[in-house]
Amino acid sequence: MYFLESIRAHKHLFENLALHQARVNSVFAAYFPLLPVIDLFSLQIPANLGEGLYKCRIIYAEKIEQLEFVPYQIKPIRSLRLVEGNHIAYCHKFAEREALLALYQQRNAADDVLILKNGLLTDTSYGNIAFWNGEQWLTPEFPLLEGTQRAKLIHLKVIFPQEISPKDFPRFQRFKIFNALRVWEEVEEVSIENIF
């Protein structure tokens with residue numbers, strides 16, 4: 001079983017590295033408790049890499065199996081299709097994403113899917129989501145994956161966890177989709193009417 005970390009590297013610096021390390025720590029505690037934990041702080045950004053935006057993609061198990069830096073451009077996501085994923089489990093960031101990809105294939109003309117599990121909203125296939133109700137940004141309390149950007153935004157009191165179901169949509173005006181690469185300040189707000 002392999003795991004994945006996608007870390008934002010911008011202007012020759014890693015972002016939110018402590019939160020990524022915490023997630024790696026939790027994987028090792030659950031799957032490799034007797035082994036030394038991979039130290040993300042020992043990673044180096046290649047000197048020949050520019051100051052643009054890169055995804056540092058790490059595939060690992062007991063040790064790092066693959067490490068690459070890929071130029072990254074934020075992809076617009078302006079429409080979502082609700083799909084059910086009651087069977088899906090993604091509590092750790094597994095490299096194997098077949099179940100998520102199968103749901104993503106159900107998006108039809110939409111840009112992505114919004115996954116419903118046991119009647120409650122979770123995530124999209126690309127990241128976590130938050131909804132604006134006119135006063136606060138609310139994010140599903142039980143996401144498929146507790147993303148590093150989500151953890152940061154909750155800590156900063158930018159977003160607030162709450163159980164959310166489709167019947168709550170009339171309370172919201174818009175939504176944002178974010179993850180480690182799609183940081184909050186850079187992603188667009190999209191009308192709630194673009195979820196179908």
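The values are calculated or read from the model by the stated rules, or taken from the named source; none is laboratory data. Since we're looking at a predicted model, the values are computed, not measured. No Cβ is skipped: glycine too gets one built from the backbone with ideal geometry, and neighbour counts run over all protein chains shown.
Here are some notes:
- Residue satisfying condition, being free of Cβ contacts under 8 Å to residues at least 60 places away in the same chain and either exposed (fewer than 12 other Cβ atoms within 10 Å of the Cβ) or assigned to a loop (DSSP other than H, G, I, E, B) (or both), within set Gln73, Gln21: Gln73
- The set of residues from segment 112-145 being surrounded by fewer than 18 Cβ atoms within 10 Å (Cβ to Cβ), without any contact (Cβ under 8 Å) to a residue 40 or more places away in the chain and not small (Gly, Ala, Ser) comprises Asn118, Glu135, Gln136, Glu141, Phe142.
- Selection count where residues are crowded, with 16+ Cβ neighbours inside 10 Å and closer than 21 Å to Arg23 by Cα, scope segment 159-196: 9
- Considering Ile74, Ile38, the condition of being at pLDDT below 95 and among the β-branched types (Val, Ile, Thr) is satisfied by Ile74 alone.
- Number of positions in segment 36-59 that are out of contact with any Asp or Glu (no Cβ under 7 Å at 6 or more places or on another chain), of a type outside the set (A, V, I, L, M, F, W, C) and part of a strand (DSSP E or B): 2
- Number of residues in segment 93-108 that are in contact with a strand residue (DSSP E or B) (Cβ under 7 Å, 6 or more places away or on another chain) and assigned to a loop (DSSP other than H, G, I, E, B) equals 3.
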